[in-house]
Amino acid sequence: MSARALTADLVSNGETPLSTAQWTVKLGDGGLADPELPEQTVELLKTRGIPATVPGNVYDSLLSAGLIPDPFIGTNEHDLHWIGRQEWVYSAKLPDHPESDHYNLVFYGLDTIAEVRLGGVVVGSTKNMHRTYDFDVTDAILAGAEDIEISFTSPYSFTDRVSEELGVYPGSYDEPYNLIRKMACNYGWDWGPTVVTSGPWRDGVLLGWDKARFVSTRISAGAELRSSLTGIGTVTVQGRIEVDPRLSPTNFKVRVSVSGEESSPVDTNMEISADGTFTAAVSVSDARIWWPHTLGDQPLYDVNVELVSSEDQVLDSRFERVGFRTVELVNDPCLEPEKAAQEGRFGLIINGRDTFARGWNWIPNDPLVDRVTEESYRARLIDVRDSGADWVRVWGGGIFEDDVFYDICDELGILVWQDFPFACASYPETPEWEEEVRAESADNVERLMSHPSLGVWNGNNENFMGYESWGWKDQLGDRGWGAKYYLETIPEVVSTVDPTRPYWPGSPYSGVPGQMDANPNYGTCHSWEVWNRQDYVHYLDSDPTFMAEFGWQSPPAWSTLVRAVDVPAGVTELDLTSPEVMNHQKAMEGMDKLERGVVEHFGSEALSSTAAWHYLTQIVQARAIATGVGHWRSLWPRCQGAFIWQINDCWPVISWAGVDADGHRKPMWYTARAMFADRMFTLKEIEGRLVAFLVNQTDEPWETNLSERVVNVAGNTIQQEDRAVSIPASSVKTIELSVTVSSPRQEVAVVDAEDQREVWIGVPDYDFSYPLPTYVGRFEAVPNADQPEFTLDIHAESLLRELILQADRIHPALVASSEAVTLLPGENHKWVITVRPGATEEETTDAIMALEEADWSFPVLSSIGDVLATED
């Protein structure tokens, strides 16, 4: 049974969603509750309980009942850790449902250690958040059972027992997330809170059926390419049915129909074997090819699969949308050390085309994952697409996302690198654990394999690295630690269930026998040494075959930060060492690393105010991302991909995200957009000379004018050269620039090509003579706009370096294009300011009034000169 049937509103044999019941949740018999809670609250939780929602979790219900504060604000998180140490019981009367001969309870997600009772009788148990469970409850329903109860054991109680039995298994955090098949980052991460949940986090159904039903359906699509636009598409359908014991599977058949917008439906009927299995392939002779959005269109085909009786009655059905495309993972390591850096290769080939994979890493959009909506998925995935990225990596410390996540990726043309949920830890290797891993993997591979957006299966995140380099070997001795899953169990499942797409054992991972740890010459790499210990310019020292993780921190938008620490929006100064702020900086020594990044370029005196710290840390993040992505793209085809850590936040936090929890795009996001462009260039200083690397990732030659200038702080041009350049299709061209900066404290090199600009100074920013920023602005409303829309046009009268507009400082509901632009005297830049989607009428009115009275000076408008200008 697929969750897709629910989202597509398909009724199969009388499905009754459990979300339609009236649920309550209360403390279980072993519940101790929080000694700080009022006695009447504890009594309520132990007796009557409180209303609950399905899907949902205990945090949701306690919040809705007003019994706990928001765990994301201030230091509230720490006062709520007791919730994860309780037993909780959900109960309801089954909703009205059609009469049938057979009944099954199907749960698409129970978090995590649960026992299900009907009429007081145990009908099933669960121990894996990532699985679907299907329990036969025919006898209980026919006996008149109406009451359903789901008892959730405390996750900590469970992991305590596992630890006592199996011993300690090391991981990156002092939490037992690797001893339970539950979302790892529920236990906190270096960007997320600790909110250890329990509850039915996805919906379930009471399924009533009579003659037969689908138990398993696997729908996959393949393509034999004829051109970049068309090919022969093949839809393969495999599965198994369950039938009433009085009947034979051969009494039924399966009907498959495939249709697209520009093609006639193709139908086929298949017979069912005596063991209940079936398989068939449907050929689409002139199928249109699905591409990532950077390379082409995303035609999708509807696949309808129906279980039909001998009387031609439709008993059950499945619906999927597929796309025809090919994905090939090439790992061609050179094992001769002296040649490895030149000849080693790792890359992804889409529809026969070599590409540089431009991507973001994705974490769960909310640690209370049941709260993630289609709208929030779509908003963040549009951020991915609009940045120019064509990949998103679903990281292994989270979940297999909901079906709608992949539906949106199918539509938007975003390829998915999907981790299996193993991250930054060793895992027990017992027969029981392996059985769980195999079942969990098969369940989710079958659920997601139809999506054209799903490009790569990946076994784990950083577990090979941890075993080899983080001291786990000594702690584990001869115990298995998870390698068997990534190298045997999961690839066996993928090759059996979904042989249509590649599998890679882990990231980072060399792919070379006997060398599981990362190696820049083989496989995938992660770069964290730079953020942890070095200046971002050291990204230039690396030449990996594929950079799957790297990033640099910054705070969220100002309005998001002050909301998180529970101070008024109009506050301009914060105590960055306060418990409230520090609770929203989860990285080890994160504040010190942020400061180090600023001081390296701007000096310690630049950190004279919270506003300066907030602005400069965002600028450093943007520069770091530009340096890394620009450098690795310049190495193409040696380097064939760069995935930024990370696109999204799960709560308001200081983190590596490009878009904060309130949907504000940071300056870094705009920088990433420039560096992910199909045609882009970057500057490097090589042996004292400036060199431009022009990247053309299109099918056509790039004909452009490259303008080189040296300009002094007064805006006077000292040198200039314009040259026509041609960059062949799918190539990188290197050009040594002619201009030379002779007075690096007074002059900058400015290089323009089409709509991209790179600015270079030859000294640290703290040594450059930045002038006081002066400019003229014109603010006006855009007439006849569908939604409130305004523009701010800035005319520079001095050098304005890395100028951003922080409209949310005027009002939290305001959104502006906040890219860091550099303007020379006499140049103009126009920002568009809008009210964020979803703002209330009151928020919109207040935001417009605030705009009309706005003070546009620093820090609303911020440039380097605002913090480093000298009077002379």
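Which of the residues that make up region 107-117 are surrounded by 21 or more Cβ atoms within 10 Å (Cβ to Cβ) and in contact with an Asp or Glu (Cβ under 7 Å, 6 or more places away or on another chain)? Steps first, answer last, please.
We begin by selecting, within region 107-117, every residue surrounded by 21 or more Cβ atoms within 10 Å (Cβ to Cβ); these are 107-114, 116.
108 - this is the single residue of region 107-117 that is surrounded by 21 or more Cβ atoms within 10 Å (Cβ to Cβ) and in contact with an Asp or Glu (Cβ under 7 Å, 6 or more places away or on another chain).
Any residue at all in region 746-757 that is in contact with an Asp or Glu (Cβ under 6 Å, 6 or more places away or on another chain) and either closer than 21 Å to residue 614 by Cβ or without any contact (Cβ under 8 Å) to a residue 60 or more places away in the chain (or both)?
From region 746-757, those in contact with an Asp or Glu (Cβ under 6 Å, 6 or more places away or on another chain) are 751; that's our starting set.
Applying the additional criterion that residues be either closer than 21 Å to residue 614 by Cβ or without any contact (Cβ under 8 Å) to a residue 60 or more places away in the chain (or both) yields none.
So far as region 746-757 goes, no, none of its residues is in contact with an Asp or Glu (Cβ under 6 Å, 6 or more places away or on another chain) and either closer than 21 Å to residue 614 by Cβ or without any contact (Cβ under 8 Å) to a residue 60 or more places away in the chain (or both).
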Residue 275 open to solvent by 50 Å² or more (accessible area, probe 1.4 Å), more than 21 Å from residue 320 (Cα to Cα) and not hydrophobic (A, V, I, L, M, F, W, C): yes
Positions within region 64-73 being more than 18 Å from residue 584 (Cβ to Cβ) and either open to solvent by less than 50 Å² (accessible area, probe 1.4 Å) or at pLDDT below 95 (or both), in sequence order: 65, 67, 68
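Restricting attention to region 177-187, which residues are more than 18 Å from residue 362 (Cβ to Cβ) and either of a type outside the set (Lys, Arg) or without any contact (Cβ under 8 Å) to a residue 12 or more places away in the chain (or both)?
Residues satisfying the conditions are 177, 178, 179, 180, 187.
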In region 650-689, residue farthest from residue 737 (Cα to Cα) [restricted to those that are open to solvent by less than 30 Å² (accessible area, probe 1.4 Å) and among the charged types (D, E, K, R)]: 660
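Out of 309, 263, 283, report the one residue that is closer than 20 Å to residue 411 by Cα, open to solvent by less than 70 Å² (accessible area, probe 1.4 Å) and modelled with pLDDT under 95.
On the way: 309 fails: closer than 20 Å to residue 411 by Cα; 283 fails: closer than 20 Å to residue 411 by Cα.
Just one listed residue meets the conditions, 263.
In region 566-621, what residues are of a type in the set (Val, Ile, Thr), more than 28 Å from residue 800 (Cα to Cα) and either at pLDDT below 95 or surrounded by fewer than 18 Cβ atoms within 10 Å (Cβ to Cβ) (or both)? Quick ask: steps written out before the conclusion?
Looking only at region 566-621, we keep the residues that are of a type in the set (Val, Ile, Thr), and these are 567, 571-572, 577, 581, 598-599, 610, 617, 619-620.
So of that shortlist, the ones also more than 28 Å from residue 800 (Cα to Cα) come out as 567, 577, 581.
Hits for region 566-621 are 567, 577.
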Residue check, residue 493 of a type in the set (A, V, I, L, M, F, W, C) and part of a loop (DSSP other than H, G, I, E, B): no
Region 690-712 - residue that is of a type outside the set (D, E, K, R) and open to solvent by 30 Å² or more (accessible area, probe 1.4 Å) and, of those, nearest to the chain's Cα centre (by Cα): 701
Candidate set from region 118-137 (those that are surrounded by fewer than 18 Cβ atoms within 10 Å (Cβ to Cβ) and of a type in the set (A, V, I, L, M)); member that is nearest to residue 199 (Cα to Cα): 122
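Does region 408-435 hold any residues that are closer than 16 Å to residue 179 by Cα and open to solvent by less than 20 Å² (accessible area, probe 1.4 Å), and which are they? Show your work before the answer.
Of region 408-435, the ones closer than 16 Å to residue 179 by Cα are 420-435.
Residues satisfying the conditions are 420, 421, 422, 423, 424, 425, 426, 427, 428.
Examine region 516-523 for a residue that is at pLDDT 95 or above and open to solvent by 40 Å² or more (accessible area, probe 1.4 Å), and state whether such a residue exists.
To start, the set of residues in region 516-523 that are at pLDDT 95 or above comprises none.
Among the residues of region 516-523, not one is at pLDDT 95 or above and open to solvent by 40 Å² or more (accessible area, probe 1.4 Å), which makes the answer no.
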Pick from region 113-170, criterion of a type in the set (Ser, Thr, Tyr) and without any contact (Cβ under 8 Å) to a residue 40 or more places away in the chain, ranking: nearest to residue 206 (Cα to Cα): 138
Residue 562 being crowded, with 19+ Cβ neighbours inside 10 Å, free of Cβ contacts under 8 Å to residues at least 24 places away in the same chain and either in a loop (DSSP other than H, G, I, E, B) or out of contact with any Ser or Thr (no Cβ under 8 Å at 6 or more places or on another chain) (or both): yes
Among residues of region 665-723, those that are farther than 30 Å from residue 797 by Cβ, of a type in the set (Val, Ile, Thr) and in a loop (DSSP other than H, G, I, E, B), counted: 1
Neighbours by Cβ (under 8 Å, 6+ apart or cross-chain): first from region 449-474, closer than 17 Å to residue 219 by Cβ and part of a strand (DSSP E or B); second of a type in the set (Asp, Glu) and at pLDDT 95 or above: 457/498
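In this structure, is residue 798 surrounded by 14 or more Cβ atoms within 10 Å (Cβ to Cβ) and in contact with a strand residue (DSSP E or B) (Cβ under 9 Å, 6 or more places away or on another chain)?
Values: surrounded by 14 or more Cβ atoms within 10 Å (Cβ to Cβ): yes; in contact with a strand residue (DSSP E or B) (Cβ under 9 Å, 6 or more places away or on another chain): yes.
Considered against the rule, which asks whether it is surrounded by 14 or more Cβ atoms within 10 Å (Cβ to Cβ) and in contact with a strand residue (DSSP E or B) (Cβ under 9 Å, 6 or more places away or on another chain), residue 798 comes out as yes.
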Test: residue 544 is at pLDDT below 95, part of a loop (DSSP other than H, G, I, E, B), open to solvent by less than 30 Å² (accessible area, probe 1.4 Å) and more than 19 Å from residue 172 (Cα to Cα): yes
Residue, surrounded by the most Cβ atoms within 10 Å (Cβ to Cβ), within region 476-512, restricted to residues that are of a type in the set (A, V, I, L, M, F, W, C) and more than 22 Å from residue 219 (Cα to Cα): 481
Conditions (1) surrounded by fewer than 24 Cβ atoms within 10 Å (Cβ to Cβ); (2) within 24 Å of the chain's Cα centre (by Cα): number failed by residue 471: (2)
Output for region 140-181, where each listed residue is surrounded by 14 or more Cβ atoms within 10 Å (Cβ to Cβ), of a type in the set (A, V, I, L, M) and either under 33 Å from the mean Cα position of the chain (by Cα) or at positive phi (or both): 150, 162, 166, 179, 180
Pick from region 717-758, criterion more than 15 Å from residue 704 (Cα to Cα), of a type in the set (Val, Ile, Thr) and surrounded by 14 or more Cβ atoms within 10 Å (Cβ to Cβ), ranking: farthest from the chain's Cα centre (by Cα): 718
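If I filter region 27-54 down to residues being assigned to a helix (DSSP H, G or I) and of a type outside the set (Val, Ile, Thr), which single residue comes out as nearest to the chain's Cα centre (by Cα)? Break it down stepwise before answering.
We begin by selecting, within region 27-54, every residue assigned to a helix (DSSP H, G or I); these are 39-46.
Still in the list and also of a type outside the set (Val, Ile, Thr): 39-40, 43-46.
Numbers: 39: 41, 40: 41, 43: 40, 44: 38, 45: 35, 46: 38 Å.
Top of the filtered list is 45.
The values are calculated or read from the model by the stated rules, or taken from the named source; none is laboratory data. Values in this document were obtained by computation on a predicted structure and should not be read as measured data. Cβ sites come from the backbone with ideal geometry, for glycine too, and all protein chains shown count toward neighbours. Heavy atoms of the whole protein, side chains included, go into the accessibility calculation; ligands, DNA and RNA do not. Shrake-Rupley method; radii C 1.70, N 1.55, O 1.52, S 1.80 Å.
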